[in-house]
Each structure stands twice: as C-alpha cells, then as structure tokens.
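J.: I have a structure I would like to understand better, so I am pasting it below and will then ask my questions one at a time.
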Amino acid sequence: MSSEEALSSTITDWLFINSWWLLLPFIMLLVVAAFIVAFVLLLYMISPLISPKPLKLNGAHVVVTGGSSGIGKCIAIECYRQGAFITLVARDEAKLLQAKKELEKYAINDKQVVLCISVDVSSDYSQAQEKLGPVDMLVNCAGTSFSGKFEEMEVDRFKRMMEVNYLGSVYPTRAVITTMKERRMGRIMFVSSQAGQIGLFGYTAYSPSKFALRGLAESLQMEMKPYNIYVTVAYPPDTDTPGLAEENKTKPLETKLISETSGVCQPDQVAKIIVRDAVQGNFNSSVGPDGYMLSALTCGMSPVTSITEGLQQIVTMGLFRTIALFYLGSFDSIVRRCMIQREQSKAADKRE
Ligand SMILES: NC(=O)C1=CN([C@@H]2O[C@H](COP(=O)(O)OP(=O)(O)OC[C@H]3O[C@@H](n4cnc5c(N)ncnc54)[C@H](OP(=O)(O)O)[C@@H]3O)[C@@H](O)[C@H]2O)C=CC1
Ligand SMILES: CCCCCCCCCCCCCCCC(=O)[C@@H](N)CO
C-alpha cells in the first residue's frame, strides 16, 4: 500500500468511525439558518425606509367624497373624532347638511369645522379646487353600485359605473395632488371593494370600475412616493349602508348567495379600519379574514408597506390559492343550482 492510499483510508475510516457524515446535514442547516437570519435582519434594517410616518389627524384637513352617507360618512366621523377638519363632498345638499350636523356631535375641540361642497364627482371637478385649500387626506368614497345579468343591464349602466366610481376618483385626486406634491405630504384613499379583487356573477358593470381603481392607485403610488404622498386602496365586503339597501333591490339571487360568503359588516367598523390604514400609509386595506386572504392572494406587484406584510404574502400565497379553489368551486355550484332552479320553475309555469 502506497502512503497516499494509506492516508485516504485513514480519512474514510476516521469519517465513518466518527460519523462525520451524519453532521453534514446539520452543518448545512446551520448555514441556511444563518442566511435566513441575516436576510431577515437585513429586511428589518431597511423596513423604516419603506414604512411611512403616520399622519397626524389632529388638525389635518380631510376631504371625503361620498361623505354624506354610509361608509364615507363613517370615515368622516372617525377622522373628526380624532381632531381633523372635514370637507364633505356629495350632490344632495340636504343629505350633506344632515351629515354635517351628525358629525359636529363628535367634535373634540372648538376649532374643528365641517364644510360641505355640493358637486357631482363624475363631471369635471376643477371648480371645487379653489374652495378646498391644502388637503392632507383625500378619501375617494363617492360611488354607486348596480348588479344584474350582463345582457339584461342597459349599456348606459356600464358607462355610469366608470364615470362615478373610476373618473369620480380621478377628478378629485387631480384637484388636490399638485398642492400635496408642493407640500411634500398627503394621503390619497380609494374605496374599491372585494368586488375589485374578484369578479363575481352580477358585477360585470360594477367590478371593472373597482378593478380600475387598483391600477390607478398602483401607478399613482409609484409617482407619488418620493413626494411623501401615500396611496391606500380599501376593499370592503358588503357593508350595511343605504347604498347596499338600494343595490339589494335588484340583486340577482346568485350575487346575493355568493356575497354572503364574506358576510355583512357595519360601516363604522369598516371606517375604523380604513382610517387606520390610511393614517399608517398602508397601500392595502382589507376587512375580515376573507378580506385578508383575498388581499394576500391578489397582491400581485402592488407596493408593500411593511416587512411583515411582505413576509406574510410570501408564506401564505400557496395556501390561500388552495383555499380559493374551494371557494370558486362553491360559487360555480351556486350559479349552476340557481340556473337549474330557474329552468324548473319556468317549465312548471308553462305546464300550468
Ligand atoms: N356598502 C357596501 O356594501 C360596499 C360599498 N363599497 C363602496 O363604498 C363606497 C360607499 O358606499 P356606500 O356607503 O354603500 O354608499 P351610499 O350610497 O350609502 O353613499 C354614497 C355616497 O356617495 C355620494 N355620491 C354618489 N354618487 C355621487 C356623485 N356622482 N357625485 C358626488 N357624490 C356622489 C352620495 O351622495 P349623493 O347621492 O348625494 O351624491 C353618498 O354620499 C362606494 O364607492 C361603494 O362602491 C365597497 C364595498 C362594499
Ligand atoms: C382565499 C380566498 C378567499 C375568497 C373569499 C371570497 C369572498 C367573496 C365575497 C365577495 C363579496 C363581494 C362584496 C361586494 C360588495 C360591494 O362592493 C357592493 N355591495 C357595493 O354596494
């Protein structure tokens, strides 16, 4: 045996005898763990860079479109209770005055005021621009919904939905953004809907107008971030408001049954969450466990405003997609059952 062979056999013997092999996976695990720890530490180090500074609502000027009713009114109340000055924007002057009176009950100091501007956000908005002055937070909540089967809805509905829900958010934003950029501060909120994350039976006119807000918000956020302006999109589920009551009058059974999955929320609860997220500058604002899952699942390339949010999305995406398949299956079966039922009752009617 040469001296080289002797050496290698000594090493192998040593390895086997001392079970060095068995240590290898542990060493690899340690290295991987060290990398993960270093990575997480690095992410945490940069987290202050991407988490915006919270907005102080006390003394801030908040404009709420659609502030005379439902979710918008509750958002206005929530901000007013935290010391903000409020401007309510909607069409109907009587409703505006009524909401103003309601808001004023929640004043926390005697400097606070509530202004009302009667304007249709779906037609050009520039005349209101001078009246507003500097705005710290704009809440685009004016909106309308209508559900029905695609071929049964008048074509005009599709246009109206885009005019009010989408363009009705563009115009007010245009009216405030220049001053916000100059002042290097501000918040823009868009109130979308869970139906702006998932397209559902009956919402062929409504959903696209809410999806559009997401595209607007993502693009706008990229432009505005260097100016310290933060954009938030809220995706509430069905919420108990005059708007929902109106929509329910014509809602197809399928839409009703599918929407029930997410339940009905109270507008003041929804408003609290929305205001909290806007103040923190979170890009995404969702309500309830279904809302949380939908947002993680549909995050796509949307901006991330906290490290924890990013990590949660990475970890949960596959699981939530799996859950989503079951939901989709149940929605399909609702649609199928309703169709069969309708056909049966039609056939019964004919026989009579
Ligand atoms: N309720 C729900 O289930 C859900 C609602 N949403 C969204 O939240 C927002 C508020 O909904 P909700 O509180 O139910 O609605 P409401 O119908 O209760 O209130 C709508 C508000 O918007 C105003 N508005 C409507 N059209 C216009 C317009 N063209 N110009 C100016 N103001 C207008 C209304 O005042 P006026 O009519 O006097 O102008 C009113 O103040 C909407 O965008 C809706 O799509 C999202 C998810 C769920
Ligand atoms: C992991 C995946 C979870 C999936 C959960 C899916 C839940 C779907 C429910 C959708 C409800 C849509 C409400 C729209 C409300 C609205 O905007 C109108 N009412 C306005 O008036």
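J.: If every alpha-carbon in the stretch 39-100 counts as one equal scatterer, what log10 I(q)/I(0) does Debye give at q = 0.23, 0.29 1/Å?
T.: Debye output, listed in q order: -0.85, -1.13.
J.: Helix 307-351 against the longest principal axis of the chain: what's the angle in degrees, Cα atoms only, rounded to the nearest 10?
T.: Tilt of helix 307-351: around 50 degrees.
J.: How large is the dipole of the stretch 108-149 about the Cα centre if only Lys and Arg carry +1 and Asp and Glu carry -1, each at its Cβ, rounded to the nearest 20 debye?
T.: Values: 3 positive and 5 negative charges, 38 e Å.
Its charge dipole is roughly 180 debye.
J.: Still on this structure: Relative to the longest principal axis of the C-alpha atoms of the chain, give the angle of the C-alpha long axis of helix 206-224, reported between 0 and 90° and rounded to the nearest 10°.
T.: Roughly 60 degrees between the two axes.
J.: Compute the helix-to-body angle for 70-81: its Cα long axis versus the longest principal axis of the chain, expressed 0 to 90° and rounded to tens.
T.: Roughly 80 degrees between the two axes.
J.: Using a ≥ b ≥ c from the Cα gyration tensor of the stretch 284-323 (square roots of the eigenvalues), is it rounded, prolate or oblate, where a/c under 1.5 gives rounded and otherwise the larger of a/b and b/c decides, a/b for prolate?
T.: Working: a/c = 1.68, a/b = 1.21, b/c = 1.39.
Taking the square roots of the gyration eigenvalues as a ≥ b ≥ c, the stretch 284-323 is oblate.
J.: Using only the alpha carbons of the stretch 219-333, what is the convex hull's orientation-averaged projected area in square nanometres?
T.: If I average the Cα hull's projected area over directions, I get 8.4 nm².
J.: Quote the Stokes-Einstein diffusion coefficient, in whole µm² s⁻¹, for the stretch 170-290, based on the Kirkwood radius over alpha carbon pairs, a temperature of 10 °C and a viscosity of 1.306 mPa s. List each step's numbers first, then the result.
T.: Values: Rh = 15.4 Å.
Using the Kirkwood radius from Cα pairs, D works out to 103 µm²/s.
J.: If you don't mind, another one. Quick check on the chain: helices-only [θ] at 222 nm, where DSSP H runs of length 4 and up contribute -39,500 (n - 2.57) each and the sum goes over total residues. Nearest 500, please.
T.: Calculated from helices alone, the mean residue ellipticity at 222 nm is -18500 deg cm²/dmol.
J.: So, by mean Cβ neighbours within 10 angstrom, what's the order for 210-223, 305-318 with the highest one leading? Present the calculation step by step, with values, prior to reporting the outcome.
T.: Details: 210-223: 17.6, 305-318: 15.0.
Going by the mean number of other Cβ atoms within 10 Å, highest first, we get 210-223, 305-318.
J.: Can I ask one more? How large is log10 I(q)/I(0) at q = 0.15, 0.20, 0.21, 0.28 Å⁻¹ when the Debye formula is applied to the Cα atoms of the stretch 287-352, each weighted equally and without solvent?
T.: Evaluating at q = 0.15, 0.20, 0.21, 0.28 Å⁻¹ gives log10 I(q)/I(0) of -0.61, -0.82, -0.87, -1.16.
J.: Can you give the alpha-carbon Rg of the stretch 194-253 over 2.2 N^0.38 Å, where N counts its residues?
T.: For the stretch 194-253, the normalised Cα radius of gyration is 1.40.
J.: Is there a quick way to get the dipole size of the chain? I mean about its Cα centre, with the Cβ of Lys and Arg at +1 and of Asp and Glu at -1; what is the value in debye to the nearest 20?
T.: Values: 35 positive and 35 negative charges, 191 e Å.
Here the size comes out at about 920 debye.
J.: Now for a separate question. Jot down the radius of gyration and Dmax of the stretch 115-243, Cα atoms only, both in angstrom.
T.: Computed over the Cα atoms of the stretch 115-243, radius of gyration and Dmax are 15.3, 48 Å.
J.: What Kirkwood Rh does the stretch 165-231 have if only Cα atoms enter the pairwise 1/r average? Answer in Å.
T.: That comes to 12.6 Å for the stretch 165-231.
J.: Starting from the 7 Å offset along Cα-to-Cβ, what nm value, one decimal, do you get for the label separation of Glu182 and Ser333?
T.: A separation of 6.0 nm, rounded to one decimal place.
J.: How large is log10 I(q)/I(0) at q = 0.09 Å⁻¹ when the Debye formula is applied to the Cα atoms of the chain, each weighted equally and without solvent?
T.: Cα-only, vacuum Debye calculation for the chain: -0.57.
J.: Along the principal axes of its C-alpha atoms, what lengths does the stretch 53-153 span, in descending order and rounded to whole Å?
T.: Largest to smallest, the principal-axis extents are 53, 34, 27 Å.
J.: Continuing with the same structure: Remind me, what semi-axes does the stretch 91-144 give for its equivalent ellipsoid, largest first in whole Å, using sqrt of 5 times each Cα gyration tensor eigenvalue?
T.: With the √(5λ) rule applied to the stretch 91-144, the semi-axes are 21, 15, 10 Å.
J.: How high is the relative contact order of the chain, in percent, with contacts defined as C-alpha pairs under 8 Å that are six or more residues apart?
T.: 16 percent
J.: Based on the alpha-carbon set only, what is the convex hull volume of the stretch 117-172 divided per residue, in Å³? Display every interim value, and only then the final one.
T.: Working: hull volume 4.5 nm³, N = 56.
Considering the Cα atoms of the stretch 117-172, their hull volume per residue is 80 Å³.
No value in this document is a laboratory result; all are computed from the given coordinates. In this text, all values refer to a predicted model and were calculated from it rather than measured experimentally. Quick reminder, even Gly has a Cβ in these numbers, built from the backbone with ideal geometry, and neighbours come from all protein chains shown.
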